[in-house]
Every structure is written in C-alpha cells, then in structure tokens.
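Asker: One structure, as structure tokens, below. Some questions next.
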Ligand code: GLU
C-alpha cells in the first residue's frame with residue numbers, strides 16, 4: 001500500500017479538502033481512555049523527537065543497513081516494527097506491532113478475526129520455533145454442514161457465511177509469541193495500531209480496489225457497509241482519511257485485558273452473534289448462511305508451538321512451517337526434486353522447466369496426503385526423504401511438460417516410521433488446485449529481524465480478500481473464512497485428510513521460510529497468495545539460490561505457478577508472458593495461462609537477506625499490490 005501522506009498528527013490540518021469517513025468519532029472518543037489500557041508508554045516511545053510517524057518517510061521496497069530490519073506490504077506496518085526495535089523491543093515484539101497496524105491499514109488481508117503462522121529464530125538458543133495460530137473448526141461444525149441435499153454449498157456462498165468462520169487464532173498467537181519470546185506486552189505493542197486506527201490513514205489505491213472488488217457483499221452486510229463503504233454505499237475514494245474507532249476500542253480492550261478480552265466477554269459474544277446471525281441488510285438477495293460457533297470454542301482456542309520443519313537444499317538448511325500448513329513440506333519436496341539437477345549448468349528456461357515439474361509432483365502429494373496432523377497420520381518423513389525424491393524425479397520429463405495432472409506418489413515406503421500406514425483410501429483422492437486454492441489479493445507476510453539476530457517470518461490472514469465479508473458489529477474487524485481451506489469433495493462421505501471435522505485446522509499453504517548457510521541466517525521470506533504462496537516462495541528460492549539473483553530481483557521477477565492443474569496448464573503473471581523465458585517454456589510444451597483471475601499478479605512477498613558484511617537487506621514488492629515497504633533500523 002503505497003502512501004506518502006504527511007504526519008498522522010498533521011492530517012487534521014491538511015485534509016480540509018479531502019473526504020473523511022464521517023461515521024468516525026473525533027480523536028480520543030473512540031474507546032476507553034488511555035489510562036484504561038494499563039501501564040503502556042506513548043506510542044512514539046519517547047519524546048516527540050522520537051516519533052517515527054511524525055513525518056512519514058517515502059516508501060521504498062528495498063533498504064540495506066545495520067541492526068534490525070522490517071519488510072511489510074505497508075509503510076505504517078514497517079514503521080511500527082522499526083519503532084519498536086528502536087525502543088529496544090525484539091523482533092517478536094516488532095512483528096506483532098506491525099501485524100497490529102496491518103490489521104488497521106490492510107484489514108482485508110489480515111487482522112484479529114483471522115490466524116497465521118509465525119516462524120521465529122531465537123539467536124541466543126540458535127533455535128527455530130513455529131507458532132501455529134491457525135483457525136480451528138468450531139466444535140459443533142460437521143462435515144455435513146457444508147452440504148445441502150447431499151450437494152456441496154457453492155464455494156462463494158460458503159465464503160460469505162457464518163459457516164466458513166474458524167475460531168480466530170491471531171490474538172492468542174500474538175499473546176503467546178510475546179509472552180514466550182518477546183520482551184514487551186500486548187498493551188505496549190498495540191499502541192501504535194490504536195493510534196493509527198483512531199487518527200486514520202489515507203485510502204490508497206490498494207484499499208480502494210480491495211473494497212471495490214468486494215462491493216456486492218460489503219453492501220449486503222450492515223456492519224461492513226457502515227465501516228468500509230461511504231454513505232452512498234460506494235467505496236471510500238482514494239485520499240479519504242479512513243478511521244476505525246471501533247477497532248481502536250477493541251485493541252484497547254485487548255491492550256488492557258490481554259487475550260481474555262478477545263476470547264471471553266463482549267468481543268467473544270459479538271463474534272458468536274455475528275456468526276450465528278450474520279447482520280444482513282434487510283431485503284438483500286445474498287443468502288448469508290449462519291454458522292455454529294459457541295463461546296466455548298473461543299474460550300478454549302489454543303495455539304500450538306511446534307518444531308519447525310527442516311530440510312536441506314544444496315549447501316543450505318531451510319526451516320519452514322509444518323502441518324497443518326502444507327507450505328513447508330511442499331516447498332521441501334520440490335526442492336528435493338530440484339536438488340538432483342546441476343542447475344549451474346542449465347539455462348534459466350531449463351531451470352524453470354524443472355521448477356515447474358518439481359512443483360507439479362509436490363502438489364500431487366499435497367493434494368492427496370496432507371491435513372491436520374492431530375487428525376490424520378501423514379507420512380512426513382517419507383515425503384521429505386531424499387530417496388523418495390530420487391524415485392519421483394524419474395517421472396520428470398526433461399523435454400516435455402505433461403498435459404495432465406500428476407498422480408501422488410507412495411512416500412510410505414520411505415517413511416521409516418513405526419506408525420502404521422493409514423488406509424489406502426486416504427491416499428487415493430487426488431485433487432487439483434481448485435478455485436479456493438488460487439487467489440492472490442489477501443493475506444500478508446511480515447519479515448522482521450533485530451540487532452541481536454532474532455528473526456520473525458510471519459504470514460497472517462483472514463483467508464479471502466475481505467475474509468467472510470462480515471465485520472463484527474461494534475468491533476471494527478472482519479471475520480475469516482479460513483474453513484473454506486478444507487477440501488470439499490462432491491461425496492460427503494469420501495475420505496480425505498483435509499475434510500472438515502470439528503476442532504480440526506484446515507490445511508494451509510502459508511510458507512514462512514528461513515534459510516541458513518554455514519550455520520548462519522541467510523534469508524527470511526514469505527508471501528500471500530493461497531496455494532500460490534508455495535510456488536512464490538519456491539520460485540524466489542530458485543531465483544536466488546540457483547539463478548544467482550540478488551534477493552530484491554529474485555522477489556520482483558515475474559512469476560509462474562504450477563500447482564498440478566488438471567489440464568497441465570501453468571498460471572503465469574502477465575509480466576511473465578512477455579518475458580523471454582515464456583517462449584522457451586512454451587516450446588517445451590508448457591501451456592501458460594494469464595493469471596488474470598489472480599489479478600494478474602502472484603504473491604506480494606517480503607524478505608530479508610543477511611549479508612556477509614553484517615548488514616541486512618529488507619525487501620518488499622516494488623510493484624505488486626502497489627508496492628510494499630522495506631526499512632532498516634539504522635541506515636548504512
Ligand atoms: N487461507 C490461505 C492459506 O492458509 C491463506 C490465504 C491466502 O493467501 O489465500 O493457505
């Protein structure tokens with residue numbers, strides 16, 4: 001979200017001529033008095049001279065310097081992280097501060113109504129931790145809830161419904177991250193987000209376009225219409241100062257009361273009410289189905305601290321997120337396949353051909369075998385085994401791209417795990433990437449590091465752009481539709497590791513990743529984009545490790561994404577179609593389809609590179625989503 005707006009504090013003077021969302025109460029009346037937020041410092045963390053938001057800097061997608069660094073999709077998100085770092089907070093504190101601000105400025109991608117996966121490197125113990133705060137299916141939601149008369153509810157109707165809402169994990173995720181690995185409290189790190197929500201920010205083209213794309217359903221939900229649309233029921237124009245005092249109040253409640261203020265009490269009650277009785281405009285033609293979320297589902301929500309998934313690629317060690325995200329496993333499988341080729345001797349087209357083939361095979365396994373590990377026995381060791389990759393590599397045709405989907409392999413033979421193989425029926429159900437697997441304009445990735453060497457690679461989401469479209473009345477945030485990430489088969493009784501079950505976490509694609517070389521951090525990266533998250537992370541890794549591109553170029557380069565499509569076709573960014581490699585791939589039989597359904601773009605990623613001279617380079621998108629923001633704590 002590009003913006004070069006002057007200081008928040010100056011907005012009242014500068015915006016006499018611009019429109020302001022009028023529903024908003026004046027500054028300071030949007031929530032509890034600051035004293036109610038407990039003992040928290042001023043958001044600026046010091047005297048007025050320390051206030052980084054006092055004069056917003058020009059947004060830039062690449063920055064190199066010393067000490068800490070941050071890259072996000074939004075200038076204020078990155079600034080919030082840098083501000084916390086400058087106040088002495090660590091990377092975990094800074095990542096949560098950034099996420100809090102993005103919940104305000106990037107509300108259609110992430111927020112407290114959703115969930116995510118945070119990958120944390122703790123320099124002092126040389127440890128990588130995966131904090132899973134994925135949404136869970138409510139305890140009373142059954143697989144059958146998604147079928148009517150034996151037929152699956154249409155996907156878009158599930159998206160905009162109470163049925164698709166998973167128990168949000170974000171607030172407990174932030175709280176656990178700070179308590180276990182941070183140095184500051186929620187009440188502290190949320191202060192800047194509260195200020196931005198109250199003072200407002202200028203609607204930029206990204207915000208405007210996201211609202212416009214969701215117009216029909218936003219118009220149909222009373223609370224969403226009231227917050228995100230103007231009095232005429234249209235998107236707030238670019239340049240409007242958008243304020244969200246209800247969200248500021250909700251953040252204040254959390255700042256004062258901790259996670260309980262979200263999972264119990266008035267916020268929890270409002271969430272449950274919105275799910276059970278979605279606030280639909282009278283007379284709306286939209287059929288917004290009710291869900292079955294209970295107060296106990298919220299109260300009982302738990303994060304999971306899991307071991308990070310680790311693998312090697314050539315001379316690097318990689319860490320990622322394991323199940324219930326398919327991201328780490330699928331990236332690792334594809335890299336294992338690629339490892340069998342000496343890419344240094346290949347042309348870029350030959351490398352891309354192998355990258356697409358490897359991704360196709362890895363996605364075949366993903367579609368058939370991966371699900372929540374607390375519900376299904378997944379042969380992770382087999383999938384990650386180098387021997388298994390060797391056996392699968394034989395299927396890659398180096399001269400011709402296939403015109404059909406690949407079948408999943410049999411990793412059980414490589415599992416070397418005493419647990420019994422599950423029923424074969426589990427393995428038989430392949431699935432090509434569906435509509436819900438191929439979208440781009442939602443979710444966000446935050447990359448942060450600090451001077452002590454800690455790193456956070458954090459992907460958070462509310463699933464679709466605008467989540468389920470329902471703003472929790474009085475609380476200023478959208479609910480997720482994460483449960484549409486479950487696999488919905490035509491036959492409700494067909495077995496699949498990713499079918500909906502009560503209390504289960506839907507399979508994700510989120511792929512926050514850390515790369516180490518010679519035992520030292522080299523890269524941190526991640527992306528939004530549904531299942532294209534996996535291919536985006538993979539392609540950035542291939543671009544930089546195999547093709548030798550600097551990280552900013554690796555991230556900016558046009559993308560192609562192969563997710564085992566049924567007809568063998570490959571999504572290509574519009575920019576890729578005119579790149580020289582497109583012709584080379586076409587001559588190898590690849591059918592490249594313009595990723596127009598993805599908005600022509602695949603994945604607004606962010607990354608950090610830790611350079612040999614002790615500096616760090618932060619990288620955000622120069623173009624996608626109108627560009628992101630990279631900053632360092634101390635310029636060179
Ligand atoms: N729901 C997606 C996942 O967990 C993330 C949202 C997206 O980027 O599409 O993989």
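The values are calculated or read from the model by the stated rules, or taken from the named source; none is laboratory data. Source: prediction; values computed, not measured. Cβ: placed from backbone, ideal geometry, glycine included. Neighbour counts: every protein chain shown.
Asker: Scan region 313-329 residue by residue and report those that are assigned to a strand (DSSP E or B) and either in contact with a helix residue (DSSP H, G or I) (Cβ under 8 Å, 6 or more places away or on another chain) or closer than 14 Å to residue 523 by Cα (or both).
Answerer: First pass over region 313-329, keeping only residues assigned to a strand (DSSP E or B): 313, 316-320, 325.
Within region 313-329, 313, 316, 317, 318, 319, 320 qualify.
Asker: If you go through region 486-509, how many residues are over 28 Å from residue 307 (Cβ atoms) and within 16 Å of the ligand (Cβ to nearest atom)?
Answerer: The initial filter retains those residues of region 486-509 that are over 28 Å from residue 307 (Cβ atoms), namely 488-494.
Still in the running and within 16 Å of the ligand (Cβ to nearest atom): 488.
Matching residues across region 486-509 total 1.
Asker: Does residue 367 satisfy the condition of being under 16 Å from residue 408 (Cα atoms), modelled with pLDDT of 95 or more, more than 16 Å from the ligand (Cβ to nearest atom) and surrounded by 22 or more Cβ atoms within 10 Å (Cβ to Cβ)?
Answerer: no
Asker: For residue 537, state whether it is in contact with a helix residue (DSSP H, G or I) (Cβ under 7 Å, 6 or more places away or on another chain), outside any strand (DSSP E or B) and closer than 23 Å to residue 322 by Cβ.
Answerer: Values: in contact with a helix residue (DSSP H, G or I) (Cβ under 7 Å, 6 or more places away or on another chain): yes; outside any strand (DSSP E or B): yes; closer than 23 Å to residue 322 by Cβ: yes.
For residue 537, the condition - in contact with a helix residue (DSSP H, G or I) (Cβ under 7 Å, 6 or more places away or on another chain), outside any strand (DSSP E or B) and closer than 23 Å to residue 322 by Cβ - is met.
Asker: So, one more: Is it the case that some residue within region 426-446 is modelled with pLDDT of 95 or more, crowded, with 24+ Cβ neighbours inside 10 Å and more than 16 Å from the ligand (Cβ to nearest atom)?
Answerer: Checked region 426-446: no residue is modelled with pLDDT of 95 or more, crowded, with 24+ Cβ neighbours inside 10 Å and more than 16 Å from the ligand (Cβ to nearest atom).
Asker: Additional query: On the given criteria, is residue 167 within 16 Å of residue 290 (Cα to Cα), crowded, with 20+ Cβ neighbours inside 10 Å, modelled with pLDDT of 95 or more and under 19 Å from the mean Cα position of the chain (by Cα)? Full working, then the answer.
Answerer: Values: within 16 Å of residue 290 (Cα to Cα): yes; crowded, with 20+ Cβ neighbours inside 10 Å: yes; modelled with pLDDT of 95 or more: yes; under 19 Å from the mean Cα position of the chain (by Cα): yes.
The answer is yes for residue 167.
Asker: Being touching a strand residue (DSSP E or B) at 6+ places or on another chain (Cβ under 8 Å), assigned to a loop (DSSP other than H, G, I, E, B) and within 11 Å of the ligand (Cβ to nearest atom) is the filter here, so list the residues in region 510-530 that pass it.
Answerer: Listed by number, the residues that qualify are 510, 511, 527, 528.
Asker: Can you list residue pairs whose Cβ atoms sit under 6 Å apart, with the first residue in region 441-464 being on the phi > 0 side of the Ramachandran plot and the second being near the ligand (Cβ under 9 Å from one of its atoms) and in a loop (DSSP other than H, G, I, E, B)? Count only pairs 6 or more apart in sequence or on different chains.
Answerer: Here the result reads 443/109; 443/528; 463/480; 463/481, each pair linking region 441-464 to a residue that is near the ligand (Cβ under 9 Å from one of its atoms) and in a loop (DSSP other than H, G, I, E, B).
Asker: Also: Just name the residue that is surrounded by the fewest Cβ atoms within 10 Å (Cβ to Cβ) out of those in region 585-636 that are at pLDDT below 95 and at positive phi.
Answerer: Looking at the filtered set, the residue picked out is 600.
So that you can scan it fast, the table gives a plain yes or no per residue for (1) buried (at least 22 other Cβ atoms within 10 Å of the Cβ); (2) in a strand (DSSP E or B):
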| position | (1), (2) |
| --- | --- |
| 101 | yes, no |
| 110 | yes, no |
| 120 | yes, yes |
| 124 | no, no |
| 138 | yes, no |
| 157 | no, no |
| 163 | yes, no |
| 174 | yes, no |
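Asker: Does residue 483 qualify as being away from the ligand (no atom under 14 Å from the Cβ), crowded, with 24+ Cβ neighbours inside 10 Å, touching a residue at least 12 places away in the same chain (Cβ under 8 Å) and not in a loop (DSSP other than H, G, I, E, B)? Spell out how you get there, then give the answer.
Answerer: On the way: away from the ligand (no atom under 14 Å from the Cβ): no; crowded, with 24+ Cβ neighbours inside 10 Å: yes; touching a residue at least 12 places away in the same chain (Cβ under 8 Å): yes; not in a loop (DSSP other than H, G, I, E, B): yes.
For residue 483, the condition - away from the ligand (no atom under 14 Å from the Cβ), crowded, with 24+ Cβ neighbours inside 10 Å, touching a residue at least 12 places away in the same chain (Cβ under 8 Å) and not in a loop (DSSP other than H, G, I, E, B) - is not met.
Asker: Here are some residues: 288, 292. Which one is crowded, with 20+ Cβ neighbours inside 10 Å and either in a loop (DSSP other than H, G, I, E, B) or at pLDDT 95 or above (or both)?
Answerer: Details: 292 fails: crowded, with 20+ Cβ neighbours inside 10 Å.
None of the others qualify; the one that does is 288.
Asker: Another question, if that's okay. Criterion first (at positive phi and touching a residue at least 40 places away in the same chain (Cβ under 8 Å)) does residue 144 satisfy it?
Answerer: Values: at positive phi: no; touching a residue at least 40 places away in the same chain (Cβ under 8 Å): yes.
Answer is no for this residue.
Asker: I've got another one for you. Taking the conditions exactly as written (free of Cβ contacts under 8 Å to residues at least 60 places away in the same chain, farther than 30 Å from residue 614 by Cβ and within 16 Å of the ligand (Cβ to nearest atom)), does residue 559 satisfy them or not?
Answerer: Values: free of Cβ contacts under 8 Å to residues at least 60 places away in the same chain: yes; farther than 30 Å from residue 614 by Cβ: yes; within 16 Å of the ligand (Cβ to nearest atom): yes.
So residue 559 fits the description; yes.
Asker: Based on this model, can you work out whether residue 543 counts as in contact with a helix residue (DSSP H, G or I) (Cβ under 8 Å, 6 or more places away or on another chain), modelled with pLDDT of 95 or more and not in a helix (DSSP H, G or I)? Write out each step before concluding.
Answerer: Working: in contact with a helix residue (DSSP H, G or I) (Cβ under 8 Å, 6 or more places away or on another chain): yes; modelled with pLDDT of 95 or more: yes; not in a helix (DSSP H, G or I): no.
So residue 543 fails the test.
Asker: From the list 533, 540, 545, which residue is over 13 Å from residue 607 (Cβ atoms) and either touching a strand residue (DSSP E or B) at 6+ places or on another chain (Cβ under 9 Å) or within 14 Å of the ligand (Cβ to nearest atom) (or both)? Spell out the reasoning first.
Answerer: Working: 540 fails: over 13 Å from residue 607 (Cβ atoms); 545 fails: over 13 Å from residue 607 (Cβ atoms).
None of the others qualify; the one that does is 533.
Asker: Separate question: Tell me, which residue of region 458-480 that is within 10 Å of the ligand (Cβ to nearest atom) and farther than 21 Å from residue 245 by Cα is surrounded by the fewest Cβ atoms within 10 Å (Cβ to Cβ)?
Answerer: 465
Asker: Please enumerate the residues belonging to region 562-616 that are part of a loop (DSSP other than H, G, I, E, B) and free of Cβ contacts under 8 Å to residues at least 24 places away in the same chain.
Answerer: Keep residues of region 562-616 that are part of a loop (DSSP other than H, G, I, E, B), which gives 562-569, 573, 578-579, 588-591, 599-605, 611-615.
Within region 562-616, 578, 579, 612, 613 qualify.
Asker: For residue 553, which of the numbered conditions (1) in contact (Cβ under 8 Å) with a residue 40 or more places away in the chain; (2) closer than 19 Å to residue 445 by Cα fails to hold?
Answerer: Residue 553 satisfies all of (1) in contact (Cβ under 8 Å) with a residue 40 or more places away in the chain; (2) closer than 19 Å to residue 445 by Cα except (1).
Asker: Output yes when any residue across region 263-284 is modelled with pLDDT of 95 or more and closer than 16 Å to residue 133 by Cα, and no when none is.
Answerer: yes
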